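Colleague: Encoded as structure tokens, here's the structure I'll be asking about.
The values are calculated or read from the model by the stated rules, or taken from the named source; none is laboratory data. Please read these numbers as outputs of a predicted model, since none were measured by experiment. Positions of Cβ are generated from backbone atoms using ideal geometry, with glycine treated the same way; all protein chains shown enter the neighbour counts. Heads up: the accessible areas ignore ligands, DNA and RNA and are worked out on the full protein's heavy atoms, side chains in. Shrake-Rupley method; radii C 1.70, N 1.55, O 1.52, S 1.80 Å.
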Amino acid sequence: MSFKISRRDFIKLALTATMIAAPEWDKVVTKAVDMIKNGDVNIIWFEAQACEGNTTAIIQATDPDVVQVLFGASPLVGPGSVKISFWPSLMPQQGEQATAILEAAFRGELNPYVLVLEGSFPDEATARKYNPNNPGYWGMLGDKTLNEWTAMLLKNAVAVLAVGNCASYGGIPSDKVYQPPPFFITPSWSPSPTGAVGFFDDPLRGYEGLLTKIYKQECCSNLQPDASKWAEPFYTFVKNPNVYLDVTPSSSASVKPAIAVPGCPANGNGIMRTLANLVLWAGGLAPLPELDQYWRPLYFFRYTVHEQCPRAAWYASGVFRTQPGEPTAACLFEVGCKGPVSNCPWNKYGWVGGVGGPTRTGAVCIGCTMPGFTDLYEPFYKPLQVPTPSSVTTTAGLIAGGIALGALAAYAEKKMLVKSKEKAK
């Protein structure tokens, strides 16, 4: 699917790009004209172990929405056309016609393209252990595993965008099996049923991601050593967080960007705007976003839920819910909110069209935008531990345990203040 942008929207895009990307008008116009003349920026949306929740979320995006993006009607996305080359939920092709598109991408016939990943990636070596004489696989598309396709698509991708917690850090499919069934073989990648991991490492649970596995030649053995070479530009990027300032869009570049927009699912506007940013960057019209330590855009994930919560006034007053379903506007910390340790803006801005968001609608934040989700944030309705001198060990231990010292210390102080006032009465 490809749709050309109108003259009116091209002018709007050029004006927007001038504000976003470059101080000189003539350079922006030249870049825009070159993009229209030379072709589209392709999008390859590849799904691994996914529930398609992020696909559903992006369809619900409102600023811009999917129609605006596909028709080039949003000044955030153009110029020229955005071409959806591969997206299982939207494309009409099936079977060999579908895999032929991925083969064309691997041959370099769809450049430039941004690779969008949805879903986690399984440990196929474990799947083969269950029946060595007739080995099976956790996930395949055509004649290749999900991991093999991902490695191959890295070869010519100019950028990677992992959407949702599963693709970013492993998510729910990476959760530990606490009561293994008989004959369960614990995978080596993660202690989950399929050994699932995300594209990026999960530093809180201690899992290496698929990117690291490919780079270290611990995945996709039939593609080695080429697979390691295809992964190296992205691996260099994620291990050197400051190189984004010097990365240029090229399918043969020695450093290529990889960005995460986590969530369960990720917010549709968050996915859309970050994807739009990468499309503009691929056309030389905008810089890459600044990222945090978990490879997330800082323009979304700089602040915690706690810092942006609409219930902040009740927190400041020391008024907390004592039951999850209590019909009040009180702070949700005591009933399990993970807002103090989770970076996410959607409780402030709303989920769809400014409406929704867990704490806005009475539910607790469960940490779905963070590494370690869900293992380190369960039970969801159990409060975070308030640190005491005897329980505080090391910073690393506190992070792994999901504890935010500043917010929790302030919480303890407010509770003491409220109790003092009650005694005074």
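Colleague: Arrange the peptides 46-53, 317-324 so that the one whose residues have, on average, the most other Cβ atoms within 10 Å appears first.
Modeller: On the way: 46-53: 20.9, 317-324: 15.4.
Listed from highest to lowest mean packing, they are 46-53, 317-324.
Colleague: Another question, if that's okay. Answer rounded, prolate or oblate for the stretch 246-345, using the Cα gyration tensor with square roots of eigenvalues a ≥ b ≥ c: rounded when a/c is under 1.5, else prolate when a/b is larger than b/c, else oblate. All intermediate terms of the calculation are to be shown ahead of the outcome.
Modeller: On the way: a/c = 3.45, a/b = 3.27, b/c = 1.06.
Prolate shape, in that a/c is at least 1.5 and a/b is the bigger ratio.
Colleague: For the stretch 123-232, rounded, prolate or oblate, judged on the Cα gyration tensor with a ≥ b ≥ c (square roots of eigenvalues), a/c < 1.5 rounded, else prolate if a/b > b/c?
Modeller: Details: a/c = 2.00, a/b = 1.27, b/c = 1.58.
Oblate, because a/c is 1.5 or more while a/b does not exceed b/c.
Colleague: Taking amide H atoms as placed 1.01 Å from N in the peptide plane, list the residues 5 or more away in sequence, or in a different chain, whose amide H sits under 5 Å from that of SER342.
Modeller: VAL305, HIS306
Colleague: Compare the peptides 177-188, 264-275 by average per-residue count of other Cβ atoms within 10 angstrom and give them in order, highest first. Intermediate results must be reported in sequence, preceding the final value.
Modeller: Details: 177-188: 10.7, 264-275: 24.8.
By packing density, highest mean first, the sequence is 264-275, 177-188.
Colleague: Once the whole set of protein chains is in place, how much accessible area is left on LYS129, using a 1.4 Å probe, in Å² to the nearest 10?
Modeller: It works out to around 120 Å².
Colleague: Kindly report the accessible area of the stretch 285-333 per residue (heavy atoms of protein chains, probe 1.4 Å, no ligands, DNA or RNA), in Å².
Modeller: Heavy-atom accessible area per residue stands at 47 Å².
Colleague: Apply the a/c threshold of 1.5 to the C-alpha gyration tensor of the stretch 170-305 and tell me whether it is rounded, prolate or oblate. All intermediate terms of the calculation are to be shown ahead of the outcome.
Modeller: Numbers: a/c = 2.53, a/b = 1.42, b/c = 1.78.
Oblate.
Colleague: Another question, then. Using the Karplus curve 6.51 cos²θ - 1.76 cosθ + 1.60 with θ = phi - 60°, what ³J(HN,Hα) values do you get for each residue of the stretch 139-153, in whole Hz, with x for Gly and Pro?
Modeller: Going residue by residue, I get x, 9, 10, x, 9, 10, 6, 4, 5, 5, 4, 4, 4, 5, 6 Hz, with x marking Gly and Pro.
Colleague: Quick query: amide H of VAL197 versus all other amide H atoms, modeled in the peptide plane; which residues come in under 5 Å with a sequence gap of 5 or more or a different chain?
Modeller: Placed amide hydrogens put PHE121 under 5 Å from VAL197.
Colleague: Shifting gears a bit: Name the residues whose placed amide hydrogens come within less than 5 Å of the amide hydrogen of VAL41, ignoring near sequence neighbours (fewer than 5 apart) on the same chain.
Modeller: SER81, LYS83
Colleague: What does the net charge come to around ALA162 if you take all other residues with beta carbon closer than 13 Å to its beta carbon, with K and R at +1 and D and E at -1? Spell out each step's value before the answer.
Modeller: Details: positive: ARG296; negative: GLU47, GLU118, ASP201, ASP202.
With Lys, Arg at +1 and Asp, Glu at -1, the neighbours total -3.
Colleague: Over the Cα atoms of the stretch 88-184, what is the Rg over Rh ratio if Rh follows Kirkwood? Walk me through the numbers before you get to the answer.
Modeller: Working: Rg = 15.7 Å, Rh = 15.4 Å.
With Rh from the inverse mean 1/r over Cα pairs, Rg/Rh is 1.02.
Colleague: While we're on this one: Starting from the Cα of SER254, step 7 Å along the direction of its Cβ; do the same at ALA98; then give the gap between the two resulting points in nm.
Modeller: Going from the SER254 label point to the ALA98 one covers 3.9 nm.
Colleague: On a 32 Å Cα-Cα criterion, which of the cross-link pairs LYS83/LYS129; LYS239/LYS382; LYS83/LYS239; LYS144/LYS338; LYS216/LYS348 come out too long? Please report the intermediate quantities before stating the final value.
Modeller: Details: LYS83/LYS129 41 Å; LYS239/LYS382 34 Å; LYS83/LYS239 30 Å; LYS144/LYS338 39 Å; LYS216/LYS348 40 Å.
Over 32 Å Cα-Cα: LYS83/LYS129; LYS239/LYS382; LYS144/LYS338; LYS216/LYS348.
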